[in-house]
Amino acid sequence: MTRRSFILVAVLIVMGSALLVVTGILAMVQADRAGMVSVRGRTQSRLIAWSAVQAITTELDRQRDEVLDGRMPRLDDWMTLYEADGRQGVVRLLPIGPGGETLVPEAARLDLNRADETTLVATGLIDEATAARIVRHRDEVLRRPFQSVAELLEVPGIDPEMLYGDLSEIDWGPALRGETLDLAERVSQRLTETTVRGLADIVTVYAFEPAVQRSGRLRININVPWSDELGRRIDGRFGQGSGEALRRIMESGTSFSDEGRIYGVLNQFDSQPQDWPDIIDALTAEDTGVHFGRIDINRAPVEVLRALPGVTPEQAEEIAETRGGLDGETLATVAWPAIEEILAPEQYETLGGRMTTRSWVYRVRLAAGEMSMDDDPETAPLVDPVVYEAVVDLVDPTARIAYLRELTLLPVAAALVAHADPVDDDDDPPLEDDPAPAPGADDPAPTTEDTVTGRDMPSSFATGGRELDSRADDPDPIDATATETRAPVTPASPDTPASPARRRVGRWQGGRSRRR
């Protein structure tokens, strides 16, 4: 090889190497830029989602009068939050209920922290052994109320399919792409019988409501010794002489230890169910300003109605079938199943304090992202979309966000779980051998291991998704024997600790400061 040829080859090698280096640098820069654009897009979408959660909370808060009357609040299926620089921030509500509902009342579900084994079995979704394990896990292992329905995955014998139903149906794709059902499909879906998918459709940890009348005033607690103040309140609500009638009943030896006793006295005096609504709306036998565990009989599925004590499966079916044909005024009282002769008046002596006709806590699921100003916000695909689920609590005068989690990657986690090979864990020690936490110890941290299959579970299943704030204890329940005020009622000072069993579950305490 001549010297000139050698130089030419060397130059070509140097130029090729330089070209490779430049190409690599450009690829890295483009990748970094694409990553930054993606991060920026996802961050913007999360900000849109958070703004939407606050907007939804405000809108639900605005419809308190509808809630007091037992009506469902209404939300638009989609909203545009802003328009700027040729872009618009768009939010869409996703189906969350078993019938495709986009807003789910938590009161239509069974209180997981109050239910006993008999109640859980009555739903027809689990057997006696599983029900016993759920109650034992709550009372003896956790030694605290469930903080999330997803904690049921820590109970032996409960897997994601039992909790959520068919995992292959967890798919946000159509909604994120803007694929919507036409009118005929929507009508057909509503006319089709709703089928509960899993335990998550029938249980909740957010079953609480303010102890208020339809007027918004506090209910009158008659589970107290007779006093002139109680008599004045009764007279003020029902007319002069009503307080004296109650005094004679109480001094005859009748006590109102629970709300079933109120119905017992009504039945004792042969009061007809048509005459009950005003009485049972105004009176209570609970000494807190918050009722726990009451089931909304106007919206609960049959599986939940069957869990009401003393209600037969046939009666549950008839309640679900009849309520759709009744007017709003009739549905506003829990006495309507007796008025319609579905339930016997005597059954209310057991059902007292177990039923309601309204929900003050709602669950919603939404997708958020950006798109061009030229795109249709209802049907165009979302760019860099995120999916969030929130629970909004209207019990206090200031609405709070009780729960918030991101579910964007839940379909991926569901697919991984659905296709994972189960691992035989017969050699694992039984749950009874696990030491219980010492009294006063901190709550055990959620595990990410499936106690059924032994495999590692995606965090979105084990802990309910990404939780964006720490748990917060609620202040004390209010004194329902105080002077009547406009409700929802203002909580008492947190100086006196509340009973852990009566605290409301939730993450945030909106509009309140804990500093003294």
- Task: Examine the stretch 229-245 for a residue that is in a helix (DSSP H, G or I) and under 22 Å from Ala108 (Cα atoms), and state whether such a residue exists.
- Result: no
Note on the stretch 15-46: residues at pLDDT 80 or above and under 46 Å from the mean Cα position of the chain (by Cα) are Arg40, Gly41, Arg42, Thr43, Gln44, Ser45, Arg46
Subset of the stretch 373-406, residues crowded, with 21+ Cβ neighbours inside 10 Å, among the hydrophobic types (A, V, I, L, M, F, W, C) and under 15 Å from Pro174 (Cβ atoms), comes to Leu382, Val387
Out of (1) under 17 Å from the mean Cα position of the chain (by Cα); (2) in a helix (DSSP H, G or I); (3) not charged (D, E, K, R), the one Ala52 does not meet is (1)
So, Ile220, is that one buried (at least 16 other Cβ atoms within 10 Å of the Cβ), touching a residue at least 40 places away in the same chain (Cβ under 8 Å) and farther than 17 Å from Met355 by Cα or not? yes
Has the stretch 328-343 got any residue that is of a type in the set (S, T, N, Q) and within 30 Å of Ile262 (Cα to Cα)? yes
**Prompt:** Looking at the stretch 115-126, is at least one residue of a type in the set (A, V, I, L, M, F, W, C), modelled with pLDDT of 95 or more, in contact with a Phe, Trp or Tyr (Cβ under 7 Å, 6 or more places away or on another chain) and surrounded by 22 or more Cβ atoms within 10 Å (Cβ to Cβ)?
**Reply:** no
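Yes/no matrix, rows are residues, columns are (1) modelled with pLDDT under 95; (2) in contact with a helix residue (DSSP H, G or I) (Cβ under 6 Å, 6 or more places away or on another chain):
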{"site": "Leu112", "(1), (2)": "no, no"}
{"site": "Ala131", "(1), (2)": "no, yes"}
{"site": "Ser148", "(1), (2)": "yes, no"}
{"site": "Val155", "(1), (2)": "no, yes"}
{"site": "Asp166", "(1), (2)": "yes, no"}
{"site": "Gly173", "(1), (2)": "yes, no"}
Among Val212, Val265, the single one that is free of Cβ contacts under 8 Å to residues at least 24 places away in the same chain and of a type in the set (A, V, I, L, M) is Val265
Subset of the stretch 178-210, residues charged (D, E, K, R) and either part of a helix (DSSP H, G or I) or modelled with pLDDT of 85 or more (or both), comes to Glu185, Arg186, Arg190, Arg197, Asp201, Glu209
Of the candidates Asp228, Asp235, Asp281, Asp275, the one satisfying the condition of being farther than 30 Å from Leu163 by Cα, acidic (Asp, Glu) and touching a Lys or Arg at 6+ places or on another chain (Cβ under 7 Å) is Asp281
Quick check: anything in the stretch 343-360 surrounded by fewer than 16 Cβ atoms within 10 Å (Cβ to Cβ) and closer than 30 Å to Leu47 by Cα? no
Residue hits (the stretch 291-304; over 11 Å from Arg219 (Cβ atoms) and either at pLDDT below 95 or not in a helix (DSSP H, G or I) (or both)) are Phe292, Gly293, Arg294, Ile295, Asp296, Ile297, Asn298, Arg299, Ala300, Pro301
All conditions in (1) within 24 Å of Arg504 (Cβ to Cβ); (2) within 21 Å of the chain's Cα centre (by Cα) are true of Asp139 except (2)
Going through (1) touching a Phe, Trp or Tyr at 6+ places or on another chain (Cβ under 9 Å); (2) without any contact (Cβ under 8 Å) to a residue 60 or more places away in the chain one by one, Glu346 fails only at (2)
- request: Return yes when Ala316 is farther than 19 Å from Arg219 by Cβ, touching a helix residue (DSSP H, G or I) at 6+ places or on another chain (Cβ under 8 Å) and modelled with pLDDT of 95 or more and no when it is not.
  value: yes
Report task. Go through the residues of the stretch 287-308 one by one and say whether even a single one is within 23 Å of Ser242 (Cβ to Cβ) and surrounded by fewer than 18 Cβ atoms within 10 Å (Cβ to Cβ). Result -> yes
Restricted to the stretch 76-130 and to residues being in a loop (DSSP other than H, G, I, E, B) and among the acidic types (Asp, Glu), the residue nearest to Gly41 (Cα to Cα) is Asp85
Legend entry - Condition met for Leu246 (without any contact (Cβ under 8 Å) to a residue 60 or more places away in the chain and surrounded by 18 or more Cβ atoms within 10 Å (Cβ to Cβ)): yes
For the stretch 78-114 the number of residues that are hydrophobic (A, V, I, L, M, F, W, C) and within 20 Å of Pro174 (Cβ to Cβ) is 9
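The values are calculated or read from the model by the stated rules, or taken from the named source; none is laboratory data. Computed from a predicted model, the values in this text were never measured in an experiment. Using ideal geometry, Cβ is built from the backbone for each residue, glycine included, and neighbour counts are taken over all protein chains shown.
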